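Visitor: One structure follows; several queries about it will come next.
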Amino acid sequence: MLLHGIVFRLEHYRNDEWELGEECFRFYKIKELVDQYEAFWKLRQGLHPKNIFELGIWDGGSVAFWFECLRPQKHVAIDIHEKQDSPYFQRYVATRGLADRIKNYWGVDQSNGALLREIVSREFDKPLDMVLDDASHLYQPTRSSFETLFPLLRPGGLYIIEDWAWEHWPGFVTPGHVWFHETSLTKLICELVEATGSAIRLISNLTVFGGFAVIERGEMPTEEFRDFNLEAHITRRPKA
């Protein structure tokens with residue numbers, strides 16, 4: 001895929017006929033997912049997030065993709081793997097003069113709430129406009145990140161969780177799959193639906209596509225998010 005002169009190698013379609021070597025971004029998304037994002041942004045025309053925080057870098061391709069599509073003032077991303085920016089990524093940042101607008105942090109666990117808050121405080125001088133979670137795709141780390149970062153969004157800011165539906169994909173339901181016994185993100189999405197119905201000041205809107213879910217922060221004041229726990233904002237009938 002070619003975008004603004006930048007080469008992306010779609011990992012799902014990898015084959016031995018590729019001839020550009022490492023002169024590209026490895027981009028772990030399929031066209032159908034990109035099409036879903038296009039459909040969503042058509043619903044939100046005029047929305048231009050300025051401060052973006054991303055979980056899950058892979059090879060830096062998604063950072064470049066979102067920066068080129070949304071042109072934020074600042075895009076910061078983290079990844080659990082102990083790596084460094086690829087030479088292609090470094091050239092992308094250097095040749096476009098983006099060193100002050102793009103920053104990657106490697107070796108950061110998305111469950112480390114204290115470190116996530118520290119990075120956000122260091123890199124942003126205003127509330128976040130959007131969080132993109134394309135990291136572990138597992139329930140507990142993803143919920144932990146949500147409870148850490150959702151309060152740092154401005155009212156109306158968007159929190160996006162990718163690949164929530166993996167439990168329902170054919171290849172993931174076989175007993176031999178490495179995630180067969182893991183708690184899936186479907187549980188979290190259902191909890192977010194419950195919270196949307198229970199606390200409109202917390203979540204003003206929830207949009208679900210097959211490839212991602214978008215949670216819009218409500219008007220709850222920041223001070224009411226102290227020790228934020230999603231479960232505390234869900235109202236259910238008592239069990240018999």
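Visitor: Taking the condition without any contact (Cβ under 8 Å) to a residue 12 or more places away in the chain and surrounded by 13 or more Cβ atoms within 10 Å (Cβ to Cβ), does HIS177 pass? Can you show your working first?
Guide: On the way: without any contact (Cβ under 8 Å) to a residue 12 or more places away in the chain: yes; surrounded by 13 or more Cβ atoms within 10 Å (Cβ to Cβ): yes.
Yes.
Visitor: For GLU32, work out the one condition from (1) under 24 Å from ARG96 (Cβ atoms); (2) assigned to a helix (DSSP H, G or I); (3) acidic (Asp, Glu) it doesn't fulfil.
Guide: So GLU32 meets the others, but not (1).
Visitor: Suppose we filter region 77-116 for residues that are of a type outside the set (Asp, Glu), under 23 Å from SER136 (Cα atoms) and in a loop (DSSP other than H, G, I, E, B); how many remain?
Guide: Number of matching residues: 10.
Visitor: While we're looking at this one, here's another question. Working only within region 14-29, note down all residues that are surrounded by 10 or more Cβ atoms within 10 Å (Cβ to Cβ), farther than 13 Å from PHE65 by Cα and in contact (Cβ under 8 Å) with a residue 12 or more places away in the chain.
Guide: Residues of region 14-29 surrounded by 10 or more Cβ atoms within 10 Å (Cβ to Cβ): 14, 18, 22-29.
With farther than 13 Å from PHE65 by Cα added as a condition, the list becomes 14, 18, 22-23.
Listed by number, the residues that qualify are GLU22, GLU23.
Visitor: Please go through region 184-240 and give me each residue that is assigned to a loop (DSSP other than H, G, I, E, B) and surrounded by 14 or more Cβ atoms within 10 Å (Cβ to Cβ), ordered by number. Write out each step before concluding.
Guide: Going residue by residue through region 184-240, those that are assigned to a loop (DSSP other than H, G, I, E, B) are 184-185, 199-202, 209-211, 218-221, 226-229, 234-240.
Listed by number, the residues that qualify are SER184, LEU185, ALA199, LEU202, PHE209, GLY211, GLY218, MET220, PHE228, ILE234.
Visitor: Looking at PHE27, PHE8, PHE53 in this structure, which one is modelled with pLDDT of 95 or more and not basic (Lys, Arg)?
Guide: The match here is PHE53.
Visitor: Which residue, of ALA114, ALA94, is without any contact (Cβ under 8 Å) to a residue 24 or more places away in the chain, aliphatic (A, V, I, L, M) and under 30 Å from ASN205 (Cα atoms)?
Guide: Residue meeting the stated conditions: ALA114.
Visitor: Return the only residue of ALA213, ALA232 being touching a Phe, Trp or Tyr at 6+ places or on another chain (Cβ under 6 Å) and of a type in the set (Gly, Ala, Ser).
Guide: ALA213
Visitor: Now, a different point. Mind telling me which of the residues ILE119, ILE52 ends up being outside any loop (DSSP other than H, G, I, E, B) and in contact with a Pro (Cβ under 7 Å, 6 or more places away or on another chain)?
Guide: On the way: ILE119 fails: in contact with a Pro (Cβ under 7 Å, 6 or more places away or on another chain).
Just one listed residue meets the conditions, ILE52.
Visitor: Kindly establish whether ALA64 is crowded, with 18+ Cβ neighbours inside 10 Å, under 17 Å from ARG122 (Cα atoms) and among the small types (Gly, Ala, Ser).
Guide: On the way: crowded, with 18+ Cβ neighbours inside 10 Å: yes; under 17 Å from ARG122 (Cα atoms): no; among the small types (Gly, Ala, Ser): yes.
Spelling it out, it is not the case that ALA64 is crowded, with 18+ Cβ neighbours inside 10 Å, under 17 Å from ARG122 (Cα atoms) and among the small types (Gly, Ala, Ser).
Visitor: Then there's this: Could we say that ILE161 is of a type in the set (A, V, I, L, M, F, W, C), under 15 Å from the mean Cα position of the chain (by Cα), at pLDDT 95 or above and crowded, with 20+ Cβ neighbours inside 10 Å here? Give the derivation first.
Guide: Details: of a type in the set (A, V, I, L, M, F, W, C): yes; under 15 Å from the mean Cα position of the chain (by Cα): yes; at pLDDT 95 or above: yes; crowded, with 20+ Cβ neighbours inside 10 Å: yes.
Yes: the conditions hold for ILE161.
Visitor: Quick one: which of LYS42, LYS83 is among the basic types (Lys, Arg) and more than 21 Å from VAL131 (Cα to Cα)? Break it down into steps so the answer makes sense when it comes.
Guide: On the way: LYS42 fails: more than 21 Å from VAL131 (Cα to Cα).
Every option except LYS83 fails the conditions.
Visitor: Out of region 149-158, which residues are at negative phi and either assigned to a loop (DSSP other than H, G, I, E, B) or surrounded by fewer than 18 Cβ atoms within 10 Å (Cβ to Cβ) (or both)?
Guide: Passing the criteria: ARG154, PRO155.
Visitor: For region 103-130, enumerate the residues that are farther than 18 Å from HIS81 by Cα and not small (Gly, Ala, Ser).
Guide: Once the filter is applied, which keeps residues that are farther than 18 Å from HIS81 by Cα and not small (Gly, Ala, Ser), region 103-130 yields ARG117, GLU118, VAL120, ARG122, GLU123, PHE124, ASP125, LYS126, PRO127, LEU128, ASP129, MET130.
Visitor: For region 133-148, give me each residue that is surrounded by 14 or more Cβ atoms within 10 Å (Cβ to Cβ), more than 17 Å from ASN205 (Cα to Cα) and not acidic (Asp, Glu).
Guide: ALA135, SER136, HIS137, LEU138, TYR139, PRO141, THR142, ARG143, SER144, SER145, THR148
Visitor: Next question. Which residues, taken from region 1-13, are exposed (fewer than 11 other Cβ atoms within 10 Å of the Cβ), in a loop (DSSP other than H, G, I, E, B) and without any contact (Cβ under 8 Å) to a residue 60 or more places away in the chain?
Guide: GLY5, the sole residue that qualifies.
Visitor: Another one. Checking the conditions here, which among GLY113, GLY97 is surrounded by fewer than 20 Cβ atoms within 10 Å (Cβ to Cβ) and at positive phi?
Guide: Numbers: GLY113 fails: at positive phi.
Only one candidate passes the filter, namely GLY97.
The values are calculated or read from the model by the stated rules, or taken from the named source; none is laboratory data. Computed from a predicted model, the values in this text were never measured in an experiment. So basically every Cβ, Gly included, is an ideal-geometry build from the backbone, and we count neighbours across all protein chains shown.
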